[in-house]
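Each value in this text was obtained by applying a stated rule to the coordinates, not by laboratory testing. Source: prediction; values computed, not measured. Using ideal geometry, Cβ is built from the backbone for each residue, glycine included, and neighbour counts are taken over all protein chains shown.
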Number of protein chains: 2
Amino acid sequence: MAEKEADPKILKGYLSRSNVVVERVEPEIDSGRFPAKAIEGDDFEVSADIIRDGPALLQAVVRYRGPDSRSWSETFMVHVGNDRWVGSFRPDDIGTWRYTIEAWTDHFGTWRRDMFKRIEADQNVDLELEESALLLEAHLKTVPVKKRAVLQRAVEAIRKKSRKKGASGFSDPRIAAALDEDVAEIMAAHHVRTNSAMYKPVLELTVDPERARFSAWYEFFPRSTGNEGEHGTFQTATKHLSYVADMGFDVAYLPPIHPIGSTHRKGKNNSLDAEPGAIGSPWAIGSREGGHKDIHPELGTIDDFDEFVAEAERLGVDIALDIAFQCSPDHPWVAEHPEWFHHRPDGSIKYAENPPKKYQDIYPLNFESEDREGLWIELKGVFDHWISHGVKIFRVDNPHTKTFPFWEWAIGELKAEHPELVFLSEAFTRPKVMQELAKLGYNQSYTYFTWRNARWELEEYLTELTRTEMRHYFRPNFFTNTPDILHEYLQRGGPPAFKIRLVLAALLSPAYGVYSGFEFFENVPVKEGSEEYLHAEKYELKHRSLDGRSNLVPFIRRINQIRRDNPPLALFTNLVFHGTDKENLMAFSKTAEGSAPILVVVNLNPFQWEEGTVSLNLTAMGLSDGESFRVTDLISEDSFEWTGANAYVRLDPFQEPAHVFRVDRA
Amino acid sequence: MAEKEADPKILKGYLSRSNVVVERVEPEIDSGRFPAKAIEGDDFEVSADIIRDGPALLQAVVRYRGPDSRSWSETFMVHVGNDRWVGSFRPDDIGTWRYTIEAWTDHFGTWRRDMFKRIEADQNVDLELEESALLLEAHLKTVPVKKRAVLQRAVEAIRKKSRKKGASGFSDPRIAAALDEDVAEIMAAHHVRTNSAMYKPVLELTVDPERARFSAWYEFFPRSTGNEGEHGTFQTATKHLSYVADMGFDVAYLPPIHPIGSTHRKGKNNSLDAEPGAIGSPWAIGSREGGHKDIHPELGTIDDFDEFVAEAERLGVDIALDIAFQCSPDHPWVAEHPEWFHHRPDGSIKYAENPPKKYQDIYPLNFESEDREGLWIELKGVFDHWISHGVKIFRVDNPHTKTFPFWEWAIGELKAEHPELVFLSEAFTRPKVMQELAKLGYNQSYTYFTWRNARWELEEYLTELTRTEMRHYFRPNFFTNTPDILHEYLQRGGPPAFKIRLVLAALLSPAYGVYSGFEFFENVPVKEGSEEYLHAEKYELKHRSLDGRSNLVPFIRRINQIRRDNPPLALFTNLVFHGTDKENLMAFSKTAEGSAPILVVVNLNPFQWEEGTVSLNLTAMGLSDGESFRVTDLISEDSFEWTGANAYVRLDPFQEPAHVFRVDRA
């Protein structure tokens, strides 16, 4: 049988390929289809498997560049075992960064490693010395001019024929010159990259401002900030901002502020027949007075809104707007662009449905309509409009019912121009759809937190969020409650339940939020088994006042202050759970370089006290076995001296359901 | 602030993108960089996350095509929960297959699902009926001609105005027509694929012949097949083949058969000073009599080899050759192509080293030499040469010390022309390097099996091989021993240890092997603490005879027969471990459709009997709780009636250390 000739084109490709392989890079979301996420000023870690044939040593760098940089920077990776390499860099600017990996054979390091073995075995190394001289000479071009003399001197010393009498092994001056530490350091820093492997995909990294990770949100309806019985306005809401700021919140988040439709307007408690004077749901957007770029007339004017934003800025509070892409039948788009909606066979516009439920006050938009181009541009324009009025944070309503490509395009375009923007995805749906929205560009996401109340549920869910690939792209925002979600735990657990859920939301997740009323323990559902509020604020005004009412305001203020004072609480993936011997006792800690660790122990049972033993993972808090340390409760200001891994705790929810300890080494 | 105009080019790309997303396809090795592996005639399963916005239903297919096909075939995927979809096809030819996924919105299925809800809620559905008629009409073009009449009749019935008096809900003939099962089936099978998502990467699949997965190997040195004291030849080896075949082995595997060098030839027990008449190591390849394409003259001629191969074929045995790309200093390449080797500064050729160890009888090849093109072509030619003499299986020696791109190129080219070839990687090195070789094209791999003797080690290792991504590309070949590896377990455990390791190798892995001498319980190491054999066959002749010696031949024959008779044992990823209450008792089962499950219980302690309770995973064997079933030991032919998950076993290694049960439902 004749041997087949090798195809020279195919062969050529392989002949020029590096013998070094870089694989399983992390983070690399869906083969690099999506960017990972990081925060300005945080270390960003990249890891990979890096191998080649045979026993030669390797070197590797992470290559990276910032949004405005045309040239690559590099940081060396280190081998951490099992052929895994890790390197990190600190993005110092928001926007889109890029990174990849380069790896090559460390010929000099390999030579040096082997040289030690040869000398220890007392072998003749004359030829190996000459090999090192040749290697050093080959590096004279790649080494910076200032350092060349070091190599040149080493080469001379290595080649000096007159070996001292009696000198051998490490005392031989030729060997000492070749193994010199300075030489090794210069060679390691400037090794030639012969036949180096460049990881093919250049990966992207979205670097966000710190507020995308660390922020305390407070949701309120501007129309509820008026005097009792009166419709609030942006003027009353502006005054209300100091109340929000005083509790320590960073973000004031408003339901939609646009004109409300009257066709099929809902009445109190979501009734289909609205009572006379019904004020309507802010999510039924659009009337003859305008649509998504307009202010509901009863709330005031755009100037009032601008003043509201200005006051927020003075108080250090960011405004988050709720963007709900749906229309009341009265929305101007319905008449101007009927083609942007779905139609029924009789030509009528389709209202929203979740069969058999019908929502006749809402028309969904058709993101795949013939004129989707016009629609998408108009929708993006809604964001642009509010950005031009100082809004930097958008909470997007039900993004999972709008087509994915729209979000990727719109958020991509908006963040390209305004990398400081934060988009929060309000998608309560199936896990992979929520993940997809985060991958497409949302910087924060609503979560299942509200429905995770038992210890095992919380530990399992938080482990998924902090330890799986999700940690690279999905940033949670833990809400204790929303205008739609009053969990049974709050309905039944009384004030201790509110404290417990606040501690969990605020200290487990660096981004968290409460919806107003929470501080007054509002807990009555519209009916048994429902998570909707009775007299839901979506359909009527609420008047809330601190006067003489039992409230959680001081506790919230304290917790928000603790968050601000303790850098570990601004981070998420630093979360570590500790053991306890009681199902209702949950313990977790967070650490940050240069700060005292924070250790939280919570009694999850709002009905009665619990005592038990916490089994601490001391290593996770930088403590060693048998070491004594001081824990100071930042709520009660009590302080205890603890030793070793096991500590007794007793928590009475009617006093305080949680210890929030700062841990100080003795 | 002016709103920025959207870049129309960028927008256009997103506007035309599908609203359906296909992600996390499995298998997809390193983002599709490497093919997965499958066996001709086996089902090949593909899975993916498939989602879109909103609550619409989806449909998806795996698209695939064989090596000689220009058109795609399709198989529908099914949703198995949590947005995961699975589909499979059965490759019926060896070679490179391709596969990808297409998914789209199932508008009719969605309409139908919602229709049921509407009717149950007793809603007016006149418009929905017309919607269905329009949908059916839109499908008249995509549905095969023969089936169109079914849809047309349905459309007519749906549009019939005269609703029967009293007919409502499902009894309304219009509704019945729209929800008709035949209509639903036709629509499901031929749904239009509007805005469908085609998964971008077209993934590759290497389909191998069954022998790549299922084969029993026997390794022997042809030179040891002569009469006592005589150098064996291919003529004596040809006679020896019936002994190999009679034990039930499918593959006869030979160490290198090429001329052996004399420079620095090693003597008995690897001594540096060879005794007079030392026969040398077959791995010191090359002499004035030839190199890798030649036969060692003492073994005979190429005609003798051809006759050997022909006899093997008559016996149903495949020949596997050992390809070791290294040279004795006497190899013709050394003189003809000194540029193919590494050189020392004095111009001499570098011998093999693992500092401080030196192997002066071996010259490694330089795969990155200036003339690597010539070298690579010559090396590939070695395979071509032996292929032309009927060899289809190559066991490659130390592939991890040769550059990765060479293997990908050479195996790729060879398999393109001869897809029936099987390459076994003899790499005992770090896990990721072994994995890389498998990914690059090796169809089978040596493993760590020899060093996994405790139950937890075996269970952990086999779980990695059968449950992680490795199962898609890494096919193990479990060797009980090799000319280099005599594990301490065999050194100390006596004949029971040999039985135990045979049962484990042969029944855990569908591909397994033994090196001759194993059947005679050869167990003496060259020294305490070594895994090398005393009087290793690498350096001297062995004469082995069945005459009057205690041996394992009948046991091996029985085990190989059991493997052939029971299809579950030809598979690997069907492996399931069962619980036992003793650390030395290990239990595992394998199942295959249409065959009785095989349940193996092994006493891993070769020194004494063990009794205990096995806790069976009944579901894994297709049994239900409380069901009675019969287990028949295929070694002892004993039979027991068992009921439920717990069964008592007692295994005396001096009788039989294992039960190999066939499990039959009562």
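Label-to-label distances across copies for B:H343, with labels 7 Å out along Cα→Cβ, in nm, shortest first?
8.2
With everything on Cα atoms, drop me the angle between helix A:488-508 and the longest principal axis of chain A, reported from 0 to 90° to the nearest 10.
On a 0 to 90 degree scale, this one is about 30.
Relative to the longest principal axis of the C-alpha atoms of chain A, give the angle of the C-alpha long axis of helix A:553-565, reported between 0 and 90° and rounded to the nearest 10°.
The angle comes out at about 20 degrees.
Quick one: Kirkwood hydrodynamic radius for region A:381-445, alpha-carbon pairs, angstrom, one decimal?
11.9
Per residue and in Å³, how big is the convex hull formed by the alpha-carbon atoms of region B:108-189? Present the calculation step by step, with values, prior to reporting the outcome.
Numbers: hull volume 6.5 nm³, N = 82.
Dividing the Cα hull volume of region B:108-189 by its residue count gives 79 Å³.
Starting with the highest mean, order A:255-262, B:129-136, B:314-321 by the number of other Cβ atoms within 10 Å, averaged over the residues of each peptide. Can you show the working numbers first?
On the way: A:255-262: 23.8, B:129-136: 20.1, B:314-321: 18.4.
Top of the packing list down: A:255-262, B:129-136, B:314-321.
Using the beta-carbon distance between A:D652 and A:R90 and R0 = 45 Å, what value does 1/(1 + (r/R0)^6) give for FRET efficiency, to the nearest 0.05? Write down the numbers at each step before the final one.
Values: r = 44 Å, r/R0 = 0.98.
Computed FRET efficiency for A:D652 and A:R90 comes out at 0.55.
Using a Debye calculation, one point per C-alpha and no hydration shell, please list log10 I(q)/I(0) for region A:299-392 at q = 0.16 Å⁻¹ in order.
Here log10 of I(q) over I(0) equals -0.79.
Can you give me the P(r) profile for region A:576-665? Cα pairs, bins 5 angstrom wide beginning at 0, each as a whole percent.
Bins of 5 Å from zero give 3, 15, 27, 27, 18, 7, 3, 0 percent of pairs.
For region B:576-665, what is the charge dipole size about the Cα centre, in debye to the nearest 20, if Lys and Arg each add +1 at the Cβ and Asp and Glu each add -1 at the Cβ?
On the way: 6 positive and 14 negative charges, 41 e Å.
With only Lys, Arg, Asp and Glu charged at Cβ, the dipole is about 200 debye.
Suppose you put the label 7 Å out from Cα in the Cβ direction; list, shortest first and in nm with one decimal, how far B:K239 is from each other copy's label.
11.4
Distances from A:D7 to the same position in the other copies: list them in nm, one decimal, shortest first, using label points 7 Å from Cα along Cα→Cβ.
From this label point to the equivalent ones elsewhere in the assembly: 3.6 nm.
Take the rotation relating chain B to chain A, measure from its axis to every Cβ in chain B, and name the nearest residue with the distance in whole Å.
Nearest Cβ to that rotation axis, in whole Å: B:S31, 2.
What's the average, rounded to a whole number, of partner chain beta-carbon atoms within 10 Å of each residue's beta-carbon in A:128-137?
Values: counts 3, 1, 3, 2, 1, 1, 1, 0, 0, 0.
Across A:128-137, the average partner-chain Cβ count within 10 Å equals 1.
Name the residue from A:I29, A:L321, A:N124 whose Cα lies farthest towards the positive end of the charge dipole of chain A, charges +1 on Cβ of Lys and Arg and -1 on Cβ of Asp and Glu.
The residue sitting most towards the positive pole is A:N124.
Please give the Cα centre distance for region A:261-296 versus region B:276-310, rounded to the nearest Å.
If you average the Cα positions of each part, the centres end up 93 Å apart.
Using the Cα centre of the protein assembly as shown as origin and beta-carbon charges of +1 (Lys, Arg) and -1 (Asp, Glu), tell me which of A:H659, B:M586, B:S16 is placed farthest towards the positive end of the dipole.
About the Cα centre, the residue reaching furthest to the positive side is B:S16.
Give the distance, in whole Å, between the Cα centre of region A:37-96 and the Cα centre of region B:633-666.
55
Averaged over its residues, how many other protein chain Cβ atoms are within 10 Å of peptide A:11-23's Cβ atoms?
Details: counts 9, 2, 2, 13, 9, 2, 6, 3, 7, 2, 9, 0, 9.
Partner-chain Cβ atoms within 10 Å, mean over residues of A:11-23: 6.
Sorted by packing (mean other beta-carbon atoms within 10 Å per residue), highest first, where do B:336-344, A:656-664, A:243-251 land? Don't jump to the answer; show the numbers that get you there.
On the way: B:336-344: 15.9, A:656-664: 22.3, A:243-251: 20.4.
Most protected by this proxy first, the peptides run A:656-664, A:243-251, B:336-344.
So what's the angle, to the nearest 10 degrees on a 0 to 90 scale, between helix B:372-387 and the longest Cα principal axis of chain B?
Roughly 90 degrees, rounded to the nearest 10.
Taking a temperature of 37 °C and a viscosity of 0.692 mPa s, what whole-number D in µm²/s does Stokes-Einstein yield for region B:198-286 with Rh from Kirkwood over alpha carbon pairs? Could you put the intermediate results ahead of the total?
Values: Rh = 16.3 Å.
Calculated translational D: 202 µm²/s.
For region A:169-326, what is the Kirkwood estimate of the hydrodynamic radius, computed as the reciprocal of the mean inverse distance between distinct Cα atoms, to one decimal in Å? Please list the in-between numbers first.
On the way: mean 1/r = 0.0486 Å⁻¹.
The Cα-based Kirkwood calculation yields 20.6 Å.
Average partner chain C-beta neighbours within 10 Å, per residue of A:356-363?
Values: counts 9, 2, 3, 0, 0, 0, 0, 0.
Counting Cβ atoms of other protein chains within 10 Å of each residue's Cβ and averaging gives 2.
Taking only C-alpha pairs under 8 Å that are 6+ residues apart, what is the relative contact order of chain B in percent? Mind showing how you got there, number by number?
Details: 1327 pairs, mean separation 65.6, N = 666.
Relative contact order of chain B: 10 percent.
With just the Cα atoms defining each centre, how far is region A:397-463 from region A:138-214? Give it in Å.
About 46 Å separates the Cα centre of region A:397-463 from the one of region A:138-214.
With viscosity set to 0.890 mPa s at 25 °C, what whole-number translational diffusion coefficient in µm²/s follows for region B:1-128 from Stokes-Einstein and a Kirkwood radius over Cα pairs? Provide the component values of the computation, followed by the final result.
Details: Rh = 17.7 Å.
Rounded to a whole number, D works out at 139 µm²/s.
Can you report the principal axis dimensions of the protein assembly as shown using only the alpha carbons, biggest first, rounded to whole angstrom?
115, 89, 63
Are any of the pairs A:K358/A:K432; A:K141/B:K380; B:K239/B:K268 more than 31 Å apart by Cα-Cα distance, and if so, which?
Details: A:K358/A:K432 26 Å; A:K141/B:K380 37 Å; B:K239/B:K268 27 Å.
Table pairs above 31 Å Cα-Cα are A:K141/B:K380.
In angstroms, what radius of gyration and Dmax does region B:551-623 have, counting Cα atoms only?
Taking only Cα atoms of region B:551-623, I get Rg and Dmax of 13.6, 39 Å.
Based solely on C-alpha atoms, express the radius of gyration and the Dmax of chain A in angstrom.
For chain A, the Cα radius of gyration and maximum Cα-Cα distance read 31.4, 111 Å.
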